[in-house]
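Inspection log for the structure reproduced underneath, given as structure tokens.
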Amino acid sequence: MICIENLQHTFNAATAREQAALKDLNLEIQDQDILVIIGPNGCGKSTLLKLIAGQIKLQKGRISFNEKGINSTKAFITARHVAMVSQDPLTGTAGDLSILENLRLAYLRDSKRKLIIGLDQNFRDLATSKLKILNMGLEHRMDTPVESLSGGQRQALTLVMASMCSADILLMDEPTAALDPHSAEVVMNAAMLLIEEMKVPAILVTHNMQQALRYGNRLLLMDQGTITKHCDSQEKSQLNVTTIRSWFGDSL
């Protein structure tokens, strides 16, 4: 379980540009949760994910993974607990390396680095089994440079890379924002399959109302650094796009 208690975060504190990104936010994420977060730009969604991932230093509050707090944990150690996929597929992969080499680097993320990347047959077999989940045929192109892939293929690869090592949670920050509708659907379907295989909770931040309705068992609306609505699975099943859009008022 991921537990977030009294989380507060302020950018540019004690200056004329001071901005409170999160205000006393509390949240529990159970082991099998797929939590979808929506909200207007600047409401704190991405800040929340970056704090969980250890990309931003905690200022006030507590985040714990299975009752173990990460407040005083170094960022690179926190990163071992978290798999994260960002908006831009280019940032999550090394274009001049092959698919297989990218997967190997991801696999080594939470282990001691070695000079030899270790692309033996055992690892090829592991990579093949992971890539097959995508149903994109990438398991037959493992020596292909990643820069030759389409945006959707590259983002799907980042999902597989996220699943290559142990993690306590998968964070997805608008993972389909840069993709066309067909590629976005392929990537999200792959994400759900990988979450099921990883057996970890996940958080999806999205501006796509259809995705907010289709995926996940809990839906949160954030605004001005706080959680303003929380729908469980049953409540979520009764929502429609019109209702969700009405929550935003004039902020869309």
Point to revise | Residues of the stretch 70-102 that turn out to be β-branched (V, I, T), modelled with pLDDT of 85 or more and not in a loop (DSSP other than H, G, I, E, B), as a count | key: 3
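Just to check your reading of the model, which residue among T176, T206 is in contact (Cβ under 8 Å) with a residue 60 or more places away in the chain and hydroxyl-bearing (S, T, Y)?
Values: T176 fails: in contact (Cβ under 8 Å) with a residue 60 or more places away in the chain.
That would be T206, the only listed residue that is in contact (Cβ under 8 Å) with a residue 60 or more places away in the chain and hydroxyl-bearing (S, T, Y).
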Point to revise | Scan of the stretch 142-163 for residues that are in contact with a Lys or Arg (Cβ under 9 Å, 6 or more places away or on another chain) and either of a type in the set (G, A, S) or within 19 Å of F65 (Cβ to Cβ) (or both), ordered by number | key: S148, S163
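Look through G152, G249 and report the one residue that is buried (at least 21 other Cβ atoms within 10 Å of the Cβ) and among the small types (G, A, S). Break it down into steps so the answer makes sense when it comes.
Values: G249 fails: buried (at least 21 other Cβ atoms within 10 Å of the Cβ).
Just one listed residue meets the conditions, G152.
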Check your understanding: Could you give every pair whose Cβ atoms fall below 6 Å, whose first residue belongs to the stretch 121-134 and is open to solvent by 60 Å² or more (accessible area, probe 1.4 Å), and whose second residue is in a helix (DSSP H, G or I), counting only separations of at least 6 or pairs across chains?
Key -> K132/E139
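Those residues that are closer than 21 Å to M84 by Cα and either assigned to a helix (DSSP H, G or I) or of a type in the set (G, A, S) (or both), I need them from the stretch 139-157; list them, please. Before the answer, list the steps.
Start the filter on the stretch 139-157 by keeping residues that are closer than 21 Å to M84 by Cα, which leaves 146-147, 149-157.
Listed by number, the residues that qualify are V146, E147, S150, G151, G152, Q153, R154, Q155, A156, L157.
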Point to revise | Residue match in the stretch 44-53 (condition: over 16 Å from the mean Cα position of the chain (by Cα), modelled with pLDDT of 90 or more and either open to solvent by less than 20 Å² (accessible area, probe 1.4 Å) or not charged (D, E, K, R) (or both)) | key: no
Exercise for review: Would you mention how many residues in the stretch 193-232 are surrounded by fewer than 17 Cβ atoms within 10 Å (Cβ to Cβ) and either closer than 24 Å to A21 by Cβ or out of contact with any Leu (no Cβ under 9 Å at 6 or more places or on another chain) (or both)?
Suggested key: 11
Check your understanding: Which one of the conditions (1) surrounded by fewer than 22 Cβ atoms within 10 Å (Cβ to Cβ); (2) within 30 Å of I99 (Cα to Cα); (3) within 16 Å of the chain's Cα centre (by Cα) does L170 fail to meet, given that it meets all the rest?
Key -> (1)
Exercise for review: Kindly list, by first and then second residue, each pair from a residue in the stretch 230-252 that is closer than 19 Å to Q210 by Cβ to a residue that is outside any loop (DSSP other than H, G, I, E, B) and modelled with pLDDT of 90 or more, limited to pairs with Cβ atoms under 6 Å and residues at least 6 apart or on different chains.
Suggested key: C231/L219; K236/L219; V241/M209; I244/M209; W247/L221
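The values are calculated or read from the model by the stated rules, or taken from the named source; none is laboratory data. A quick note: this is a predicted structure, and the numbers were derived from the prediction, not measured. Here Cβ is always computed from backbone atoms with ideal geometry, including for glycine, and neighbour counts include all displayed protein chains. Heavy atoms of the whole protein, side chains included, go into the accessibility calculation; ligands, DNA and RNA do not. Shrake-Rupley method; radii C 1.70, N 1.55, O 1.52, S 1.80 Å.
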